[in-house]
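Here the structure comes first, spelled out in structure tokens, and everything after it is commentary.
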Amino acid sequence: MPAGVRDAMQAADHLRALPFVDTQRIAHVGFSWGAMVAPLASNSFWRSVLPGSEGFTAAVAVYPGCFTIKPATAPSFEIIQANIDRPVLVLMGEKDVETPPSECIPKLHAAKRAGAAVEWHVFGDATHC
């Protein structure tokens, strides 16, 4: 399981245990690496790896990198995948050179065509920082 995904899903599970939390309204908002964790934690495959975790009901990924993750000791995988089954909003900056939208948009289109619950917006003239 990618670093951070287990932590995020366990945080969601912890929140579900609190009596004052509406368990149907727990969302993940992530920036940078947290933005890459957002679609991963909204992915049915990664939730299945952590039995019993319900994860988040929705996620917002602010300026994620959408590149292929290539762990040294595990198979490569994509941040954006077709098995995203929770609503994910991806926010990107048009002039972001660190996590360029050009790396995300084709993958988002493909995932959406395959049925993933993804939407996105690119802010014009916005950079990463």
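The values are calculated or read from the model by the stated rules, or taken from the named source; none is laboratory data. Values in this document were obtained by computation on a predicted structure and should not be read as measured data. Note that each Cβ is placed from the backbone with ideal geometry, even for glycine, and that neighbours are counted across all protein chains shown.
Looking at Ala72, Ala126, which one is more than 11 Å from the chain's Cα centre (by Cα) and modelled with pLDDT of 95 or more? Break it down stepwise before answering.
On the way: Ala72 fails: modelled with pLDDT of 95 or more.
That would be Ala126, the only listed residue that is more than 11 Å from the chain's Cα centre (by Cα) and modelled with pLDDT of 95 or more.
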Next on the checklist: Kindly evaluate Ile80 against the criterion of being at pLDDT 95 or above, touching a strand residue (DSSP E or B) at 6+ places or on another chain (Cβ under 8 Å) and either of a type in the set (Val, Ile, Thr) or under 15 Å from Ser42 (Cβ atoms) (or both).
Outcome noted: yes
Item to check | Residue within segment 1-14 that is surrounded by 15 or more Cβ atoms within 10 Å (Cβ to Cβ) and touching a residue at least 60 places away in the same chain (Cβ under 8 Å) present | outcome: yes
Item to check | Evaluation of Ile80 against (1) closer than 18 Å to Met1 by Cα; (2) out of contact with any Lys or Arg (no Cβ under 8 Å at 6 or more places or on another chain) (one fails), failing number | outcome: (2)
Checklist entry - Only one of (1) under 30 Å from His14 (Cβ atoms); (2) in contact with a helix residue (DSSP H, G or I) (Cβ under 9 Å, 6 or more places away or on another chain) fails for Cys104. Which number is that? => result (2)
Next on the checklist: Here is a check on your reading of the model: is Thr127 farther than 12 Å from Pro39 by Cβ, hydroxyl-bearing (Ser, Thr, Tyr) and surrounded by 16 or more Cβ atoms within 10 Å (Cβ to Cβ)?
Outcome noted: no
Checklist entry - Given the conditions (1) surrounded by 15 or more Cβ atoms within 10 Å (Cβ to Cβ); (2) closer than 25 Å to Gly115 by Cβ, which single one is not true for Ser32? => result (2)
Checklist entry - Pairs under 6 Å by beta carbon, first residue closer than 13 Å to Ala35 by Cα in segment 54-78, partner of a type outside the set (S, T, N, Q) and assigned to a loop (DSSP other than H, G, I, E, B), six or more apart or different chains? => result Ala58/Arg86; Ala58/Pro87; Tyr63/His128; Cys66/Ile79; Cys66/Ile80
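Restricting to segment 12-26, what's the tally of residues that are under 15 Å from the mean Cα position of the chain (by Cα) and not β-branched (Val, Ile, Thr)? Walk me through how you get there before you give the answer.
Applying the first criterion (under 15 Å from the mean Cα position of the chain (by Cα)) to segment 12-26 yields 12, 26.
Still in the running and not β-branched (Val, Ile, Thr): 12.
Here the count works out to 1.
Name the residue that is surrounded by the most Cβ atoms within 10 Å (Cβ to Cβ), counting only residues in segment 45-76 that are hydroxyl-bearing (Ser, Thr, Tyr) and closer than 27 Å to Ser102 by Cβ. Quick ask: steps written out before the conclusion?
Of the residues in segment 45-76, the ones hydroxyl-bearing (Ser, Thr, Tyr) are 48, 53, 57, 63, 68, 73, 76.
After this cut, where a residue has to be closer than 27 Å to Ser102 by Cβ as well, the list is 63, 68, 76.
Details: Tyr63: 25, Thr68: 11, Ser76: 8.
Top of the filtered list is Tyr63.
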Checklist entry - Residues in segment 1-13: is at least one under 24 Å from Ala114 (Cα atoms) and modelled with pLDDT under 90? => result yes
